[in-house]
Amino acid sequence: MFYSLLKKLVGIFFNILNVLLAGNLPPFGCVCVIVEDQDKYLVIERPEGGYALPGGFMRWREHPTQTALRESKEETGLQLRVNRFIGCSSTASDHFMLMSTLTVFYQAEVVSGELKSSIEGQPCWRDRTQLPYLLQQRQRELFEEFLQYHRSEIASKPAIKDLEDKEKSRP
C-alpha cells in the first residue's frame, strides 16, 4: 500500500513540476523485458492484481540495458542476459497521478538465479496463451506485436553483444 501511494505521489509531483515548466519535461525512460523459457513467459503478479512484464524506470546515467538487468534482478531474483532490442513504445499520460513514459523493450534470457518475490509482486512463468488475458493493456498490445512481427525478425537481428563488439572494433 505504501509503495502504491508513493508511486502516485511521484506522478503528482512530476506533473506539478511539468506544469510549472510549461510542459517542457521529457517523458520518463522505462524498460520492459520479455523473457521466454520453454514456451512460458516471465511475468510479475502485482499485489493490487493483474500481471506485468519485468521492467521499470531508468536511473540517472543508466543505459537501458543496465535498467533491464537491474529491474529484472530486483523484481524476479533472476540474472538475465539482454539479447535483442525489440522496439519502443510511448505513453502520453492524461492522468495527473501518472507520468508520460518512453519504454524500450528487450528480449532476454535467464542466466542464473531463483524466482523471489519483491515489493513489485510475485514473479512467475505463464503460458503464451494466458498472457493476453493477464497483462495490462499496453503491455498486452506490445506482447502481441512481439509475437506477430518480431519473433521471426529477432532471429535475423544482431544480438546486442554483436553490436557492441562491432562498435569497439571501429577505428
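What follows draws every value from the coordinates through simple rules; no lab data is involved. Because the structure is predicted, anything quoted here is derived from the model rather than measured. Because the Cβ atoms are built from the backbone with ideal geometry, glycine has one as well, and the counts that use them run over all protein chains shown.
Across every pair of non-identical alpha carbons in the stretch 2-100, the mean reciprocal distance, once inverted, gives a Kirkwood radius of 15.1 Å.
Can you tell me the dipole magnitude for the stretch 26-160 around its Cα centre, using point charges on the Cβ only (Lys, Arg +1; Asp, Glu -1), in Debye to the nearest 20? Each step should come with its number before you reach the end.
Numbers: 15 positive and 18 negative charges, 62 e Å.
It works out to roughly 300 debye.
With a Förster radius of 35 Å applied to the C-beta separation of D37 and A92, the computed FRET efficiency comes to 0.55.
DSSP finds beta bridges in the stretch 26-160, and of those with both partners inside it, around 75 percent are antiparallel.
At q = 0.12 Å⁻¹, work out log10 I(q)/I(0) for the stretch 26-160 with the Debye formula, treating every Cα as an identical point scatterer and leaving solvent out; two decimals please. Reported log10 I(q)/I(0), two decimals: -0.43.
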